[in-house]
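The values are calculated or read from the model by the stated rules, or taken from the named source; none is laboratory data. Just so we're clear, the structure is a prediction, and the values are computed from it rather than from any experiment. Note: ideal-geometry Cβ built from the backbone for every residue, glycine included; neighbour counts use all protein chains shown. Side chains are part of the model used for accessible areas, which takes the heavy atoms of the whole protein and leaves out ligands, DNA and RNA. Shrake-Rupley method; radii C 1.70, N 1.55, O 1.52, S 1.80 Å.
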Amino acid sequence: MYIAIMGYGVVGSGVAALIRKNNESIAKNSLQPKMEVKYILDLRSFPGDPFENLVISDFTQIVNDDEVSIVVETMGGIHPAYDFVLECLKKGKSVVTSNKELVAVKGCELLKAAKENNANFLFEASVGGGIPIIRPIHQCLAANEIEEVAGILNGTTNFILTKMINESMTFEDALLLAQQNGYAERDPSADIDGIDACRKICILATLCFGKHVYPESVHTEGIRKISLADVEYALSWGGAIKLIARAKKLESGKVTLSVSPAFVRKSCLLASTDDVFNAVLIRGNAVGDVIFYGRGAGKFPTASAVVADVIDCARHIERRKVFGWEEGGEDFIADYRDNETAFYIRLITSDKEKTLASLAEVFGETDIINRSDAPENELAFAIKPVREGDLGEKLASVFANEIASVIRITDY
């Protein structure tokens, strides 16, 4: 059986190398006499590369070659990846991708095209890199009603926050170190502004709740505003700040989604997920909380998940896996402002006694949080769950000019 790879970057080259390295076992597990890469599509040339002779620049060679049964897309982005994948599916070729943006934005259309042409469209590597998560949701947890999915879905932001927590680095210094180590791009916006995590939670929510969730439906905040003061208060509170992507099903049947920094208790494994590692928590009504942990990115961890999908496609050649979801809509998504959420709040106040006296009136019972060497005019506290849409009004009514930080507190 022949395979084509579109995009010969970090992941694409890892896929080619892994298929060659473990060829015998991959072919055996695929139930095929052989598994071989026939084409690698890229506009660049790779002199001296072990796969140099397979590199082509014309997509039509792949789509028109009937010997190619499975196509791996590791180009990234929407265009031309979407157009190429769609053409392959229309030709009855199964497609495997690691492209989270493509799945988050175009997944419903591409699954429909796969169904219409008796092909498969699989994307295990698009969410957790090397962490197996899509199959467990679709198969192992199928007996559960999934109530919530949440996690640390971006290794770059987790690395930055880990350095801030463990080494008291400023955000700026930790970001620079992430760039120097190759974890963050020159323009790190997709990571530190939560965009990457947003795309991934869309895919997870879609799988868990059965309707397509689009990125524009997700309230998204990044970590740019997190300070060392907030990190220290989180430690004093008994936890850590993590960038948490979260989707929860409400009693109404609607789903509420968000990506934001949050306080997580030390007793939860998410709090101890450090560096570039990712973790996903699934809350089912039968199994309770289950956490999947591992490397969320990297050449071979991601290639491992891609090749696992290639094997799955090979086993289901000329027949479809029962896999997919319905189109979503605005009536499926709840307004995040209707969430009842606990919050950490930090104020810089000119009259601490007056501010303390106002807390009970505005928020009811609050828990004051202390840290060593805090400025005299600083006040930090945690409030009980409040409707998010009401919080801004409550703060503005008394503390409008004193707000330094407002961060959500998780219930796990």
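Details
- Meets criteria (at pLDDT below 95 and open to solvent by less than 30 Å² (accessible area, probe 1.4 Å)) for V149: no
- Selected residue [in contact with a helix residue (DSSP H, G or I) (Cβ under 8 Å, 6 or more places away or on another chain) and exposed (fewer than 14 other Cβ atoms within 10 Å of the Cβ)] from L102, L110, L89, L31: L31
- Scan region 325-371 for residues that are open to solvent by 60 Å² or more (accessible area, probe 1.4 Å), free of Cβ contacts under 8 Å to residues at least 24 places away in the same chain and either on the phi > 0 side of the Ramachandran plot or of a type outside the set (D, E) (or both) and the total you get is 5.
- Residue ranges of strands (runs of 3 or more DSSP E) in region 1-95 with at least 2 members of a type outside the set (G, A, S) and more than 22 Å from N118 (Cβ to Cβ): 36-41
- Enumeration of residues in region 102-111 that are under 13 Å from W325 (Cα atoms) and free of Cβ contacts under 8 Å to residues at least 60 places away in the same chain: K106, E109, L110
- Scanning region 125-142 for residues being under 17 Å from G324 (Cα atoms) and of a type in the set (G, A, S) gives a total of 3.
- Scanning region 236-248 for any residue that is open to solvent by 50 Å² or more (accessible area, probe 1.4 Å) and more than 19 Å from G328 (Cα to Cα) turns up at least one such residue.
- Members of region 152-197 found to be charged (D, E, K, R), part of a helix (DSSP H, G or I) and open to solvent by 30 Å² or more (accessible area, probe 1.4 Å), listed by number: K163, E167, E172, D173
- Residue among V406, V322, V307 that alone is at negative phi, open to solvent by less than 20 Å² (accessible area, probe 1.4 Å), aliphatic (A, V, I, L, M) and out of contact with any Cys (no Cβ under 8 Å at 6 or more places or on another chain): V307
- From the options A143, A119, A104, residue that is over 30 Å from I5 (Cα atoms) and either outside any helix (DSSP H, G or I) or in contact with a Lys or Arg (Cβ under 6 Å, 6 or more places away or on another chain) (or both): A143
- Lone qualifier among P136, P132 - being surrounded by fewer than 23 Cβ atoms within 10 Å (Cβ to Cβ), at pLDDT below 95 and assigned to a helix (DSSP H, G or I): P136
- Within region 139-191, the set of residues being free of Cβ contacts under 8 Å to residues at least 60 places away in the same chain, of a type in the set (A, V, I, L, M, F, W, C) and over 20 Å from G76 (Cα atoms) comprises C140, A142, M169, F171, A174, L175, L176, L177, A178.
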